[in-house]
Structures are given as C-alpha cells and as structure tokens.
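Take a look at the structure below.
The values are calculated or read from the model by the stated rules, or taken from the named source; none is laboratory data. Quantities reported herein were computed from a predicted structural model and do not represent experimental measurements. Methodologically, a virtual Cβ is constructed for each residue, glycine included, from the backbone with ideal geometry; neighbour enumeration extends over all protein chains shown. These accessible areas exclude ligands, DNA and RNA; they are computed on the full protein's heavy atoms, side chains included. Shrake-Rupley method; radii C 1.70, N 1.55, O 1.52, S 1.80 Å.
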Amino acid sequence: MRVRVHRFSAFRYVYNRIYAPYGNTRLVDSYHALTAWLAERRTDIRDVVVIGMSLDDPSITPSENCRYDLGVAFPKQPGGMLGEIVRSRGRAAAPLVSLPAQSECDAPGLSIRDFESQQIVAFHCVVDLGHVDRAWQYLYRIWLPTGAYEPADLPAMEMFVRLPEEIGWETFDLQICIPVARL
C-alpha cells in the first residue's frame, strides 16, 4: 500500500451537508443537485474535484446523527493534487474555474468553506463501498501511528478521481486524504 505525503493547493469548497447520509439515497441525490448547479453555472464537472467529508465516525456515532459534506473543490491556483485529478480525466490542462460567490450558492442552499494549502497523506484506492472503510482504518490505525505525522485539525476527505458518471455508484476511485501536521 502506497501512501503519499504532499500538499494540496488552496481551494474553495461548495457543499451540501447531509444528515443521516448512510443507507438511503441522500448522498446520490445531493450529488445530482451539485451537478445540476454546476451545469447552471456552465462549469464542467471534469474541471473540479468532488470531495466528500465525513464529519463523524459511523462506527461510533449513531447513524441518525452522522453528518457528511458532499461538494466540489474549486482550486485557487493551478497544480497540486486537485490539478492531478483533473488532468487524469483527460483534460489537457487543469483550468482555473471562476470561484463561486456566496450569492450563487444561497438559492440552491449550498455552503462555502475556503481551505488553505495543507500537507496531507493520501492513499489511492479503487474499491467497492464496503472496502472504503478498510482504507480509512489502514491510514488511521496503522500508517499514522508509525509515522512522523498527526492529523491536523481539519476534516479528512474522499476525493473522487473518476466520477460516478464514468464508473457508477458500485465502485469508487478515491484519494483518501487526511490533513496532517508533523509531530
């Protein structure tokens, strides 16, 4: 298993917060709402990166109390991991898409959060949904305790490399990422 340590560039995150997201269609419905919003603003989904952030550990938190943010990252500068993901989709260059303003996000009920450049550990996996948890367990329970890093005070992220339009909702091609700080 190859874990990479590197920085991702600063980005604006436009997202929906989903409550009780597991075992129903709320995540898929939210994804479709995000893609419709992107189409309205004439932003090609291949030029941004879909990111999910679980704010609660579903093995500890009762499912009805779990929160999951699903959104899209608009890079503030070219390159970095976000640019790599966009280029992997066959885009000749990762274009900088105009950053959405709060006024664009209010009507569809979207939230905005800006993330600064951050060091992360990333693990690329192509798995079915039942195995995504194994990647998280590996990073948190095996890799982090033996390394020189600790989790930073930021949410962990699932960055979608290939989109559901390409591979469906049964298999996920993800960069599992944990923002970190040196010990």
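What do you get for trypsin sites (Lys or Arg not before Pro) in the range 1-68 restricted to DSSP loop and a cutoff of at most 14 other Cβ within 10 Å of the site's Cβ?
For trypsin sites (Lys or Arg not before Pro) across the range 1-68 that sit outside H, G, I, E and B with at most 14 neighbouring Cβ atoms in 10 Å, the list reads ARG2, ARG41, ARG42.
Given the Cα-Cα distance of GLU165 and VAL126 and 0.36 nm per residue of separation, how much length would full extension add, in nm?
12.5 nm
Distance from the Cα centre of the range 41-80 to that of the range 142-164, in angstrom?
If you average the Cα positions of each part, the centres end up 13 Å apart.
Please list, by residue number, every one of the GluC sites (Glu not before Pro) in the range 99-162 that is coil in DSSP and has at most 16 other beta-carbon atoms within 10 Å.
Numbers: sites: GLU104, GLU116, GLU158; in loops: GLU116.
Sparse-neighbourhood loop GluC sites (Glu not before Pro): GLU116.
Is there a quick way to get the dipole size of the chain? I mean about its Cα centre, with the Cβ of Lys and Arg at +1 and of Asp and Glu at -1; what is the value in debye to the nearest 20?
Details: 19 positive and 22 negative charges, 123 e Å.
Using only the charged Cβ atoms, the result is roughly 600 debye.
Roughly how many percent of the accessible protein surface of the range 140-183 is carbon and sulfur, given a 1.4 Å probe and a whole-percent answer? Write down the numbers at each step before the final one.
Details: 1180 of 2300 Å².
Carbon with sulfur: 51 percent of the solvent-accessible area.
Name the chymotrypsin sites (Phe, Trp or Tyr not before Pro) in the range 79-179 that are in a loop by DSSP and that have at most 13 other C-beta atoms within 10 Å, would you?
On the way: sites: PHE115, PHE123, TRP136, TYR138, TYR140, TRP143, TYR149, PHE160, TRP169, PHE172; in loops: TRP169.
Filter output for the range 79-179: TRP169.
Can you give me the accessible area per residue for the chain, using a 1.4 Å probe, in Å²?
On the way: 9260 Å² over 183 residues.
Per-residue accessible area for the chain comes out at 51 Å².
Along the positive direction of the dipole of the chain (beta-carbon charges: Lys, Arg +1; Asp, Glu -1; about the Cα centre), which of LEU34, TYR19, PHE172 reaches farthest?
With unit charges placed on the Cβ atoms, the residue in question is PHE172.
Note down the net charge around PHE123, summing +1 for each Lys or Arg and -1 for each Asp or Glu among other residues with Cβ under 9 Å from its Cβ. It would help to have the intermediate numbers written out before the result.
Numbers: positive: ARG2, ARG4; negative: none.
Net local charge, PHE123 excluded: +2.
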